[in-house]
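K.L.:
This is the structure, below, for whatever I ask next.
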Amino acid sequence: MEIIKTKNLSKLYKNNELEVLAVDGVSLSIRQGEFTAIVGPSGSGKTTLLNMIGGLDAISDGSVEIAGTNINSMNENELIDFRLKNIGFVFQAYNLIPVLTAKENVEFIMLLQGISPEERKKRSEELLTQVGLEDKFNVRPNQLSGGQQQRVAVARALASRPRFILADEPTANLDSQSTSKLLDIMAEMNKKENITFLFSTHDQRVIDKARRIVTIEDGKIISDEVR
Amino acid sequence: MMILKMAWRNIWRNKRRSIITISSIFCAVFFAVFARSFQIGVYDKMVSNMVGMYTGYLQIQQEGFWQEQSIDNSFVPDQSVRDLLDNHNNIDEYNTRLESFALTASENLTKGAIVMGVNFEKEDLLMDLSPKIRAGEFPNEISSSLLISEGLADYYELNIGDSLILLGQGFHGASANGIFPIQGIVKLPMPNLNDRLVFMPILAAQELFAAPERITSMVLQIDEPSKLNKIKTDLGGKLNRDTYDLLDWKQLLPELVQTIQADSAGGIIILGILYMIVTFGILGTLLMMTAERMYEFGILVSIGMRKGKLILTVVLESLMMGVLGVIFGVIGITPVRYYFYLNPIRLQAKAADSIEAFGFEPVIPASLDPQIAINHAAIVLLIVLLCTLYPIAVILKLKPIKAMRS
Ligand SMILES: Nc1ncnc2c1ncn2[C@@H]1O[C@H](COP(=O)(O)OP(=O)(O)OP(=O)(O)O)[C@@H](O)[C@H]1O
Ligand SMILES: [Mg+2]
């Protein structure tokens, strides 16, 4: 089943006279269980594409469908609720709420979903254990390394049981050891639990772990290879 | 719960700034309540002095007497009114008075005066006259002797046993002339009364003015001044308003009301400036807080937090700070107010003299009225909420990716 489907997706930025076609007619389908990397040089449009897929940025042309639902015409609150239900986000850095502990950060998204306290507790502990942070439940983000913070972010993204996880350069701020650890965790989640990941990167080590690599340049897909 | 926890922890994220904000709210409440307690304390004192000295809190008069204070507008209270007052729980006592003007004379001097026919026993309860007697004593109820104010006695150089001539107009044009012995001299603290007040037993006054049984006002002694409005409404509903007027001290003492209002306005302007400073302080804090948290707001909205919920946490945060400041402020000021209520500030020297000249005791007591603290707590919290409109507006306009680029 196709979880993400974009048709002719485009983004035109207009900044006084200057027009940039950041994403230019991208048609892309992602199926359940894929582990896909969007790669391309800086400024090629990776972030813009992921933001439109995640319903964070308005689209200029074309369409985005998530699990058969077109998100183009949703209003603000509908989109927020849709994201909460369907998409797990991992951003480049500082994903976490600084005043909440690792566990509370993971619980927080389930709280937004109205999940019971017992279930929240159980699942957040399970997930943090899965990402190797069983000893960091009650630690606040500022006492975690960048890699550990990103792992908490992955745990949080998974906690809401989304259809897929969207990660824009999740390893950009990490050293190589943390990078490979985070990717191993993601790959394992993907393999074991069939969780769909769509992430962008320009890190070759990350690219090597991807199972499908979509390369874009100047906002256009120039290659799409499955390994 | 988690939202509350988040809000609480967010306050302590920047401890120093929050403590400064809470302290400024504390100071605002503290000083506003402090200043206002003294101001209102003084007004209460002024009112109770004036009311106690002369008008009482509430009077019943013949309809039209207040507009035209002539003995022709006097009345004979009917039994139903007396019953109403006798049976009213909040009315301890009522004083009937017959009040008019007369020219006083002695040897070759004359002077206009207010002649008040009263029951001395009851007036002593209301006006606390006994300690103010300078010479002599209260005239007997059935005598035709006078108790005159000190200023008048000095003017004529009269002593106990001397006589004073009264020349006036009685009911429906009858002449009201007589010569009366002086049995007492009283010092009234209000200069304009002290210069020209003549008390006499009400029976003698009724005879002088050819107005037997007639009175000009019934001065009600109520048990609890704070219940005045309630009592007035209650009585107003039961009195025949075509025949009787019911006047409270505000209507009887319009100049006092004006003086208080003018003075109060001055105090309120100063408090307004204080509040303005506090407003800028709170606004500054919220401005910085909002700027620092844009990225976080962006993350929260991105992962699926509705803006309404986000606004709720921000409002909770500012309210918590506001409530903390208010609670500390009220807790801090209460013993201070209580102290100055028990130990009013006593004015010294010149200031004391000028206040005494107006007939007031030269003390500034603090009011303990809880309404003062409630009002200022409410004002401060309202200011906090108004300032929170800024982060609310920012959140409502927030675009997550833009916020996260900052
Ligand atoms: N808000 C904006 N206004 C105008 N132009 C923009 C805006 N955001 C992005 N762009 C432009 O759109 C193009 C694509 O940017 P985008 O951030 O998507 O690239 P990217 O592939 O994510 O790059 P990087 O690898 O550096 O993150 C760039 O030319 C960029 O300058
Ligand atoms: Mg990018």
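K.L.:
Among A:Met52, A:Pro98, A:Leu158, which residue has its Cα furthest toward the positive end of the charge dipole of chain A, with +1 on Lys/Arg Cβ and -1 on Asp/Glu Cβ?
P.N.:
Of the options given, the answer is A:Leu158.
K.L.:
I would also like to ask the following. Longer than 25 Å from Cα to Cα, which of B:Lys111/B:Lys232; A:Lys5/A:Lys46; B:Lys5/B:Lys402; A:Lys7/A:Lys192; A:Lys85/A:Lys192; B:Lys5/B:Lys309 are they? Say none if no pair is.
P.N.:
The answer is B:Lys111/B:Lys232; B:Lys5/B:Lys402; A:Lys7/A:Lys192.
K.L.:
Now for a separate question. Step through the residues of region A:187-198 one at a time and calculate ³J(HN,Hα) from phi using the Karplus curve (6.51 cos²θ - 1.76 cosθ + 1.60, θ = phi - 60°), rounding each to whole Hz and writing x for Gly and Pro.
P.N.:
5, 5, 4, 5, 6, 6, 10, 6, 7, 7, 10, 10
K.L.:
Right, here's the next one. Taking the Cα centre of region B:64-240 as origin, sum charge times position over the Cβ atoms of Lys and Arg (+1) and Asp and Glu (-1), and report the length of that vector in debye to the nearest 20.
P.N.:
Values: 13 positive and 25 negative charges, 73 e Å.
The calculated dipole for region B:64-240 is roughly 360 debye.
K.L.:
Next question, about the same structure. Kindly express, to the nearest 10 degrees and within the range 0 to 90, the angle between helix B:228-238's C-alpha long axis and the longest C-alpha principal axis of chain B.
P.N.:
Helix B:228-238 sits roughly 60 degrees off the main axis of chain B.
K.L.:
Once you keep just the Cα pairs under 8 angstrom separated by 6 or more residues, what percentage relative contact order results for chain B?
P.N.:
Reported as a whole number, the value is 26 percent.
K.L.:
Name the residues of region B:1-33 whose amide N is less than 11 Å from a point 7 angstrom out from the Cα of B:Met288 along the C-beta direction?
P.N.:
The answer is B:14-21, whose backbone nitrogens lie closer than 11 Å to the label point.
K.L.:
Under a 5 Å amide H to amide H cut-off, with H placed in plane at 1.01 Å, what residues pair with B:Ala210 once short-range neighbours are removed?
P.N.:
Distant-sequence amide H within range of B:Ala210: B:Phe171.
K.L.:
Please give the helix A:117-130 orientation as an angle from the longest Cα principal axis of chain A, in degrees from 0 to 90, rounded to the nearest 10.
P.N.:
So the helix axis and the longest Cα principal axis differ by about 80 degrees.
K.L.:
Just to verify a number: FRET efficiency for A:Ala187 and A:Glu2, C-beta to C-beta distance, R0 = 22 Å, to 0.05?
P.N.:
So the FRET efficiency works out to roughly 0.50.
K.L.:
Here's a follow-up. Does a label point 7 Å from the Cα of B:Thr243, set along Cα-to-beta-carbon, have any residues of region B:48-80 with amide nitrogen under 18 Å, and which are they?
P.N.:
B:59-66, B:72-80, by backbone N distance to the label point.
K.L.:
Which whole-number percent is the relative contact order of chain A (Cα, under 8 Å, 6+ apart)? Write down the numbers at each step before the final one.
P.N.:
Details: 452 pairs, mean separation 66.7, N = 227.
Relative contact order for chain A comes out at 29 percent.
K.L.:
Now for a different question. With each pseudo-label sitting 7 Å past Cα toward Cβ, what's the B:Ile133-B:Lys15 distance in nm, one decimal?
P.N.:
Spacing of the two 7 Å Cα→Cβ label points: 7.0 nm.
K.L.:
Based on the Cβ-Cβ distance of A:Asp175 and A:Val226, what FRET efficiency does E = 1/(1 + (r/R0)^6) give at R0 = 41 Å, to the nearest 0.05?
P.N.:
0.90
K.L.:
Then there is this: What is the helix-to-structure angle for A:76-86, meaning the angle in degrees between its Cα long axis and the longest Cα principal axis of chain A, kept from 0 to 90 and rounded to the nearest 10?
P.N.:
The helix A:76-86 is inclined about 60 degrees to chain A.
K.L.:
When Lys and Arg each count +1 and Asp and Glu each count -1, what net charge do the other residues less than 14 Å away from B:Ser37, Cβ to Cβ, add up to?
P.N.:
Its environment carries a net charge of +1.
K.L.:
With charges only on Cβ, +1 for K and R and -1 for D and E, what is the dipole size of the protein assembly as shown about its Cα centre, in debye, rounded to 20?
P.N.:
4500
K.L.:
In addition: Could you pull out every residue, at least 5 positions away or on a different chain, whose amide H is within less than 5 Å of the one on A:Val23? Hs are placed 1.01 Å off N in the peptide plane, and Pro or chain starts have none.
P.N.:
A:Lys11
No value in this document is a laboratory result; all are computed from the given coordinates. Computed from a predicted model, the values in this text were never measured in an experiment. A quick note on method: Cβ atoms are made from the backbone with ideal geometry, for glycine too, and the neighbour counts reach across all protein chains shown.
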